[in-house]
């Protein structure tokens with residue numbers, strides 16, 4: 001027990017644990033953020049300001065400022081909704097699914113990915129609410145007693161969507177906060193400031209790392225992961241029901257749930273990499289978020305990107321094999337119709353771009369990774385655009401065919417939502433532990449220091 | 001709260017012994033030893049969950065999964081009940097004639113609510129079973145614990161309340177288990193040392209009070225009456241920039257909100273090209289004949305009398321002599337002195353000489369102080385009135401010879 005060998009091992013372990021706390025808490029405790037944080041935050045705030053101004057105009061003038069019209073009633077707001085919800089899937093996938101699969105490398109990225117999830121779902125939730133036109137009546141979507149003596153219509157996938165997305169949001173926040181509590185306790189015990197001690201103290205709920213508490217905590221974490229795993233798959237499946245339950249050619253297809261889920265993971269991981277590859281360089285986290293972790297994520301993108309490509313192929317095959325004239329027309333129209341440019345953008349970014357990740361050289365070049373990941377998200381936005389716009393602008397009645405053009409406000413609200421997202425994410429990086437310290441410590445080989453093997 | 005009351009005892013009480021160990025492995029060994037020594041009120045503290053410590057400490061599996069399971073089942077049942085009650089019973093939705101109750105359509109929401117309630121149970125159940133939040137704890141007063149326990153230290157704490165606790169013997173047990181440091185943990189028993197800072201309490205009280213303001217305002221407004229219009233927080237489309245009929249408007253040069261039809265435009269069915277029937281004119285002169293649409297029959301005469309009694313008799317009197325109710329009243333209140341023009345006697349010679357068309361025109365458009373009745377009485381009825389007027393005029397100049405022989409005895 002007290003031999004020199006175990007003591008060295010124990011010393012190394014304690015130094016490693018302290019090093020993790022120092023480097024992660026150091027970001028939060030530092031007087032000033034890294035220099036690049038300030039211009040980035042200013043830019044994000046400006047873009048978020050664009051969102052605020054656009055929303056003000058939207059609410060005072062009305063949805064007529066969008067390009068939406070009679071046959072293209074969904075248009076950009078729903079494209080953006082599905083885009084953001086999709087991005088919001090990586091966080092829970094990393095924290096829950098990879099946890100159940102005992103993928104220890106997830107511990108370095110799960111906190112930031114969960115934060116990203118919550119911010120992406122906030123952005124996502126914005127769009128259907130403003131798309132209703134009178135967002136102050138959005139509570140009509142919820143089963144609340146009202147003076148019209150009417151209830152939500154639960155046969156509608158849009159009502160399912162309300163339950164799925166709000167449940168996902170709630171569970172994501174609970175899961176995220178649960179993970180943060182032990183790390184808040186670390187920050188609480190390190191800070192010298194009274195104000196911070198009070199704030200972190202309240203957030204840490206008085207956590208004292210007791211083994212009896214850890215026992216229930218770990219069990220709860222496992223249960224949460226087990227609950228969140230089917231939840232994360234259900235949410236994008238329900239989002240895909242918004243389309244699949246409709247009878248429009250190009251929407252009415254059973255492949256949608258798995259295809260949407262694969263796409264969501266695909267875009268979510270791309271967003272995680274887009275954020276974390278620069279963040280780990282700026283905050284000197286390369287020893288925690290290692291090259292191996294980045295490579296693993298690239299491989300996930302390659303796998304899910306190929307699944308999405310396979311789904312595109314299957315859709316085309318079924319359009320031909322079903323012999324349904326409307327379905328056949330819809331897909332030919334997608335590839336060769338007026339929106340062919342959007343379709344081929346989607347194919348290029350979603351199917352071809354991830355194939356570069358077959359090469360180790362590319363999986364280890366940060367700039368190329370970020371570039372490819374941004375292209376992937378461009379592609380995933382276009383996927384939803386293609387599904388929604390090409391189907392609605394070429395529906396059953398040729399009389400309602402037309403070309404859809406967005407307006408300046410479609411663009412400003414979408415771009416503005418990135419401002420909101422990045423503002424929240426940069427605040428998170430600055431004021432919260434961006435890496436789950438206790439999980440990294442617990443998943444490291446040092447966690448077994450001094451353990452006798454029986 | 002800022003200064004101690006005399007009876008608020010500040011006693012330095014022993015919480016227990018805190019021993020530090022060098023590694024997770026050493027902690028497990030120590031926990032094993034402490035348990036074997038028969039201690040029950042002790043705990044281990046580490047910056048991350050140390051795997052293998054549960055059996056070493058003798059921790060029994062938590063009941064949490066059962067709570068979560070129950071909450072999940074409750075969520076499932078609740079969701080199905082909710083959907084059935086809302087869509088089948090209290091507000092039956094007929095969607096394309098599908099059966100009101102069907103389980104498949106309920107699955108997505110039932111699943112989500114199951115997960116939601118189970119997640120709530122996991123989250124709140126875990127904190128509840130762990131007796132958290134508990135912001136104050138004796139160990140937080142120990143500098144070594146605060147410095148290391150959440151970062152890189154591994155501790156065993158044995159409480160003084162443990163029946164086996166004995167300062168020296170317990171110290172020895174901990175020491176033998178390989179402790180690198182052992183400290184006594186003391187704490188102040190006064191409530192003051194456990195309370196939240198005043199600033200936090202003030203903030204919480206203020207937040208609660210401020211949060212109640214809107215509700216109090218709504219409650220007050222609901223309970224009081226006002227003659228002012230409703231507050232329109234969201235105006236929806238209650239106030240629109242629109243022109244109302246007969247209102248003024250700056251939009252058009254003539255200052256009117258209502259538009260005049262284009263000159264010469266005629267509404268459907270309003271052409272009225274037949275001068276004789278609609279205006280009582282034939283060949284530029286007052287018509288002397290009744291239009292062909294008017295049957296000179298007893299029914300027309302009755303209709304004319306009926307309309308005359310309604311529209312004309314109030315002024316002209318039932319016999320047309322000009323002594324109607326209004327005229328009687330006007331004379332009774334002395335209105336003749338202030339310019340009351342008595343209604344004409346329809347039976348007078350000059351009227352009897354007028355062509356049918358002229359009388360028709362007078363009924364429709366009025367004359368002198370008599371208003372026109374064209375807007376109230378349709379053309380056919382106006383002609384019927386004219387027809388009846390002829391009868392009244394005839395009766396005004398009649399003699400006993402005009403009475404049919406058979407009726408003479410009745411009026412004599």
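The values are calculated or read from the model by the stated rules, or taken from the named source; none is laboratory data. Because the structure is predicted, anything quoted here is derived from the model rather than measured. Every residue, glycine among them, receives a Cβ derived from its backbone with ideal geometry; neighbour counts consider all protein chains shown.
Residue A:154 satisfies every condition listed in (1) in a helix (DSSP H, G or I); (2) at the interface with chain B (Cβ under 7 Å from one of its Cβ atoms); (3) over 22 Å from the mean Cα position of the chain (by Cα) except (1). Selection of the stretch A:228-237 for residues being facing chain B (nearest Cβ under 7 Å) and buried (at least 24 other Cβ atoms within 10 Å of the Cβ) yields only A:231.
Farther than 30 Å from residue A:398 by Cα, part of a helix (DSSP H, G or I) and at pLDDT 90 or above, is that true of residue A:93? Considered against the rule, which asks whether it is farther than 30 Å from residue A:398 by Cα, part of a helix (DSSP H, G or I) and at pLDDT 90 or above, residue A:93 comes out as no. Within the stretch B:135-152, being within 20 Å of residue A:433 (Cα to Cα) and facing chain A (nearest Cβ under 8 Å) holds for B:146, B:147, B:149, B:150, B:151, B:152. Could you list, in sequence order, the residues of the stretch B:36-60 that are more than 10 Å from chain A (Cβ to nearest Cβ) and out of contact with any strand residue (DSSP E or B) (no Cβ under 8 Å at 6 or more places or on another chain)? Scanning the stretch B:36-60 gives B:36, B:37, B:38, B:40, B:55, B:58.
Among the helices (runs of 4 or more DSSP H) confined to the stretch B:117-234, the ones with at least 1 residues that are not assigned by TED's automatic domain parsing to the domain that holds residue B:63 are located at B:198-223. For the stretch B:111-124, check the following and say yes or no: at least one residue is more than 7 Å from chain A (Cβ to nearest Cβ), touching a residue at least 60 places away in the same chain (Cβ under 8 Å) and under 30 Å from residue A:24 (Cα atoms). No, that holds for no residue. Just a yes or no: is a residue in the stretch A:193-205 buried (at least 20 other Cβ atoms within 10 Å of the Cβ) and at the interface with another protein chain (Cβ under 9 Å from one of its Cβ atoms)? Within the stretch A:193-205 (the criterion being buried (at least 20 other Cβ atoms within 10 Å of the Cβ) and at the interface with another protein chain (Cβ under 9 Å from one of its Cβ atoms)), the answer is yes, since at least one residue qualifies.
With respect to the conditions (1) out of contact with any helix residue (DSSP H, G or I) (no Cβ under 9 Å at 6 or more places or on another chain); (2) in contact (Cβ under 8 Å) with a residue 40 or more places away in the chain; (3) within 18 Å of residue B:21 (Cβ to Cβ), residue B:143 falls short on a single one, namely (2).
Being surrounded by 10 or more Cβ atoms within 10 Å (Cβ to Cβ), within 27 Å of the chain's Cα centre (by Cα) and modelled with pLDDT of 90 or more holds for only one residue in B:202, B:216, and it is B:216. When we screen A:418, A:425, A:414, A:431 for residues that are in contact (Cβ under 8 Å) with a residue 60 or more places away in the chain, away from chain B (no Cβ under 14 Å), under 19 Å from the mean Cα position of the chain (by Cα) and surrounded by fewer than 21 Cβ atoms within 10 Å (Cβ to Cβ), the only hit is A:418. For the stretch A:33-51, the count of residues that are part of a helix (DSSP H, G or I), within 12 Å of another protein chain (Cβ to nearest Cβ) and crowded, with 18+ Cβ neighbours inside 10 Å is zero. Can you tell me how many residues within the stretch B:267-321 are exposed (fewer than 15 other Cβ atoms within 10 Å of the Cβ) and part of a loop (DSSP other than H, G, I, E, B)? Total meeting the criteria: 17. Considering only the stretch A:350-366, I want to know if a residue exists there that is in contact (Cβ under 8 Å) with a residue 24 or more places away in the chain, over 21 Å from the mean Cα position of the chain (by Cα), in a helix (DSSP H, G or I) and more than 30 Å from residue A:107 (Cβ to Cβ). So far as the stretch A:350-366 goes, no, none of its residues is in contact (Cβ under 8 Å) with a residue 24 or more places away in the chain, over 21 Å from the mean Cα position of the chain (by Cα), in a helix (DSSP H, G or I) and more than 30 Å from residue A:107 (Cβ to Cβ).
Taken together, A:385, A:428, A:404 contain a single residue that is under 20 Å from residue A:91 (Cα atoms) and in contact with a helix residue (DSSP H, G or I) (Cβ under 6 Å, 6 or more places away or on another chain), which is A:428.
Just one residue in the set B:67, B:59, B:109, B:73 is assigned to a helix (DSSP H, G or I), at negative phi, in contact with a helix residue (DSSP H, G or I) (Cβ under 9 Å, 6 or more places away or on another chain) and surrounded by fewer than 19 Cβ atoms within 10 Å (Cβ to Cβ); that residue is B:73.
The single condition from (1) closer than 30 Å to residue A:34 by Cα; (2) surrounded by fewer than 20 Cβ atoms within 10 Å (Cβ to Cβ); (3) away from chain B (no Cβ under 14 Å) that residue A:408 fails is (1). Report yes if some residue within the stretch A:8-19 is crowded, with 19+ Cβ neighbours inside 10 Å, away from chain B (no Cβ under 14 Å), closer than 19 Å to residue A:435 by Cα and at pLDDT 90 or above; otherwise report no. Within the stretch A:8-19, not a single residue is crowded, with 19+ Cβ neighbours inside 10 Å, away from chain B (no Cβ under 14 Å), closer than 19 Å to residue A:435 by Cα and at pLDDT 90 or above.
Of the residues making up the stretch A:186-221, those that are in contact (Cβ under 8 Å) with a residue 60 or more places away in the chain and more than 21 Å from the chain's Cα centre (by Cα) are A:186, A:187, A:190, A:191.
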